[in-house]
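Novice: Mind having a look at this structure? Questions to follow.
The values are calculated or read from the model by the stated rules, or taken from the named source; none is laboratory data. All figures in this text were calculated on a predicted structure; none of them were measured in a lab. Ideal geometry is used to build each Cβ from the backbone, glycine not excepted, and the neighbour counts take in all protein chains shown. Only protein heavy atoms, including side chains, enter the accessible area calculation; ligands, DNA and RNA are left aside. Shrake-Rupley method; radii C 1.70, N 1.55, O 1.52, S 1.80 Å.
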Amino acid sequence: MNVSYNPVMRRPLLAAAALIGMLVISSSSLLWAQAKQDKDAPAPETAPDVPDAITIPPGLEPVLFVRAKGSQIYTCKADADGKFSWTLKGPDAELKDRKDKVIGQHTAGPTWKLKDGSEVTGKAAAHVDALDSDSIPWLLVDVVTNSGKGALAKVTKIQRVHTHGGKPGNDPCDDSHKDAETKSDYTADYYFFAPAK
């Protein structure tokens, strides 16, 4: 049986094959670009497991996680009865994101300030002892002021959890050490919450 060569039939087949090849390549490129975008986009935050005393109320969702590493600074002060003790002056810590990139600073106030221009100041609303007795407590913080248009702009609550260190050491604190300062290294995780969208 003779099969004759038909150039007229071959042209549409070649065109169809070329079109299919282009579709496969463009689909692959689109899928690769989408996968890269998904990989680069931050994953949605999830709230940490915490005791009831510092649980976030309904209607709020976590919008940012940072890891703080730095110092808690204490000053030797006398209370109303004249008894001296180390009193918290404030933190001095870098704030890093999940990729270990420095994105802000945590200072007295307490204040959290990010490089994107947003800033919040808070006031402790509740606390629970840390799992480690040598570490500062876990906190629920009410945001008192917000400024800037970045990640902290709409934040209303903060949780400090997974603390390590930060308590004053055994340096003497008495009348002869009045107003002396001491620093204690600490790390902690902070979760920032804003109204759910």
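Novice: Among the small types (Gly, Ala, Ser), farther than 18 Å from Asp92 by Cα, assigned to a strand (DSSP E or B) and at pLDDT 95 or above - does that describe any residue in region 180-196?
Specialist: Looking for residues that are among the small types (Gly, Ala, Ser), farther than 18 Å from Asp92 by Cα, assigned to a strand (DSSP E or B) and at pLDDT 95 or above, one finds at least one in region 180-196, hence yes.
Novice: If you don't mind, another one. Report, by residue number, each residue of region 129-142 that is of a type in the set (Gly, Ala, Ser) and open to solvent by 40 Å² or more (accessible area, probe 1.4 Å).
Specialist: Within region 129-142, Ser133 is the sole residue that qualifies.
Novice: Just need a number here: residues in region 144-156 that are over 13 Å from Lys113 (Cβ atoms) and either open to solvent by less than 70 Å² (accessible area, probe 1.4 Å) or assigned to a strand (DSSP E or B) (or both).
Specialist: 2
Novice: Same structure, new question: State yes or no: is Thr55 modelled with pLDDT of 95 or more and open to solvent by less than 60 Å² (accessible area, probe 1.4 Å)?
Specialist: Against the criterion (modelled with pLDDT of 95 or more and open to solvent by less than 60 Å² (accessible area, probe 1.4 Å)), Thr55 does not qualify.
Novice: Which condition from (1) among the aliphatic types (A, V, I, L, M); (2) more than 20 Å from the chain's Cα centre (by Cα); (3) in a strand (DSSP E or B) is the one that Leu131 breaks?
Specialist: Here Leu131 meets the rest and fails (3).
Novice: Also, quick follow-up: Among what's in region 157-168 and is open to solvent by 40 Å² or more (accessible area, probe 1.4 Å) and over 15 Å from the mean Cα position of the chain (by Cα), pick the residue that is nearest to Lys96 (Cα to Cα).
Specialist: Checking each candidate, the answer is His164.
Novice: In region 169-185, is there at least one residue being closer than 16 Å to Thr46 by Cα, of a type outside the set (Asp, Glu), surrounded by 20 or more Cβ atoms within 10 Å (Cβ to Cβ) and in contact (Cβ under 8 Å) with a residue 12 or more places away in the chain?
Specialist: no
Novice: While we're here: Could you check region 106-128 and list, in sequence order, the residues that are open to solvent by less than 20 Å² (accessible area, probe 1.4 Å) and part of a strand (DSSP E or B)?
Specialist: His106, Thr111, Trp112, Leu114, Val120, Gly122
Novice: Could you give me the residue pairs with C-beta distances under 6 Å whose first residue belongs to region 123-152 and is within 17 Å of Gly90 (Cβ to Cβ), whose second residue is of a type in the set (A, V, I, L, M, F, W, C) and surrounded by 16 or more Cβ atoms within 10 Å (Cβ to Cβ) wherever it lies, and which are 6+ apart or on separate chains?
Specialist: Here the result reads Ala124/Leu139; Ala124/Val141; His127/Leu139; Pro137/Ala130; Val141/Ile158; Val143/Val120; Val143/Val155, each pair linking region 123-152 to a residue that is of a type in the set (A, V, I, L, M, F, W, C) and surrounded by 16 or more Cβ atoms within 10 Å (Cβ to Cβ).
Novice: Which members of region 70-96 meet the condition of being more than 13 Å from Asp174 (Cα to Cα), in contact with an Asp or Glu (Cβ under 9 Å, 6 or more places away or on another chain) and open to solvent by 40 Å² or more (accessible area, probe 1.4 Å)?
Specialist: Scanning region 70-96 gives a single hit, Lys89.
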